[in-house]
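Structure record follows, encoded as structure tokens.
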Amino acid sequence: MPDVRNCKRCGKIYNYIGGPPICPICKEQDEADFKRVKDYLYKNPGVTLSEVSTVLGISVERIKMYLKEGRLEIINDEGNMILECESCGKAIKTGRLCNDCATGLSREFKSTASKLNDKVSQAEADAKRAIAMRYLNKDAK
Ligand SMILES: [Zn+2]
Ligand SMILES: [Zn+2]
């Protein structure tokens with residue numbers, strides 16, 4: 001039986017087949033955008049999050065998503081605060097958990113909806129800070 005859902009990004013109805021809850025068209029767009037970010041970071045290592053967002057016209061939230069997915073990494077200061085460990089809140093450079101929490105298996109995730117909303121509204125403030133990033137070359141599957 002087909003699992004029909006609304007695309008989280010464009011709202012269209014599509015057959016869900018796993019992975020992120022977005023339709024194939026948005027997924028394709030997402031991959032294309034990621035490739036542009038990747039190429040840009042490759043040619044301009046150490047550029048800031050806001051610069052990438054402005055130059056490529058890709059939202060800060062989207063770029064943060066790539067960071068959370070562990071596809072990009074922040075290369076400057078430890079106290080960047082743009083990404084936090086979802087378990088203990090410590091500043092991290094990529095992914096969703098700090099090394100400590102990632103190795104501690106049976107920890108509970110604190111992921112309340114209100115906390116997520118706070119983060120969304122913080123996106124613009126984050127963008128103004130000089131967060132430098134680089135492409136994390138580990139998707140060679
Ligand atoms: Zn879509
Ligand atoms: Zn942690």
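The values are calculated or read from the model by the stated rules, or taken from the named source; none is laboratory data. A quick note: this is a predicted structure, and the numbers were derived from the prediction, not measured. Note: ideal-geometry Cβ built from the backbone for every residue, glycine included; neighbour counts use all protein chains shown.
Listed here are the residues, each with its yes/no results for (1) under 14 Å from the mean Cα position of the chain (by Cα); (2) touching a residue at least 40 places away in the same chain (Cβ under 8 Å); (3) within 15 Å of ligand 1 (Cβ to nearest atom).
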site: GLY11; (1), (2), (3): no, no, yes
site: PHE34; (1), (2), (3): yes, no, no
site: LYS43; (1), (2), (3): no, no, no
site: THR48; (1), (2), (3): no, yes, no
site: ARG71; (1), (2), (3): yes, yes, no
Quiz item: Residue check, PRO2 against (1) within 16 Å of ligand 1 (Cβ to nearest atom); (2) loosely packed, with under 11 Cβ neighbours inside 10 Å; (3) at negative phi; (4) not charged (D, E, K, R), all met but one. Which one?
Solution: (1)
Practice problem: Consider ILE22 carefully, then state whether it is touching a Ser or Thr at 6+ places or on another chain (Cβ under 9 Å) and crowded, with 16+ Cβ neighbours inside 10 Å. | Solution: no
Exercise. From (1) part of a strand (DSSP E or B); (2) on the phi > 0 side of the Ramachandran plot, pick out the condition that doesn't hold for GLU73.
Key: (2)
Quiz prompt | Hey, LEU97 free of Cβ contacts under 8 Å to residues at least 24 places away in the same chain and in contact with an Asp or Glu (Cβ under 8 Å, 6 or more places away or on another chain) or not | solution = yes
Quiz item: Of all residues in the range 53-67, which are free of Cβ contacts under 8 Å to residues at least 60 places away in the same chain, surrounded by fewer than 15 Cβ atoms within 10 Å (Cβ to Cβ) and not aliphatic (A, V, I, L, M)?
Solution: THR54, GLY57
Self-check item: Filtered residues of the range 25-52 (kept if part of a helix (DSSP H, G or I), surrounded by 12 or more Cβ atoms within 10 Å (Cβ to Cβ) and hydrophobic (A, V, I, L, M, F, W, C))
Solution: ILE25, CYS26, PHE34, VAL37, LEU41, LEU49, VAL52
Quiz item: Does ILE82 fit the bill of being of a type in the set (A, V, I, L, M, F, W, C), under 20 Å from ALA132 (Cβ atoms) and part of a loop (DSSP other than H, G, I, E, B)?
Solution: yes
Quiz prompt | Subset of the range 35-64 (residues that are of a type in the set (Phe, Trp, Tyr) and at pLDDT 90 or above) | solution = TYR40
Exercise. Please tell me if ALA32 is modelled with pLDDT under 90 and not basic (Lys, Arg).
Key: no
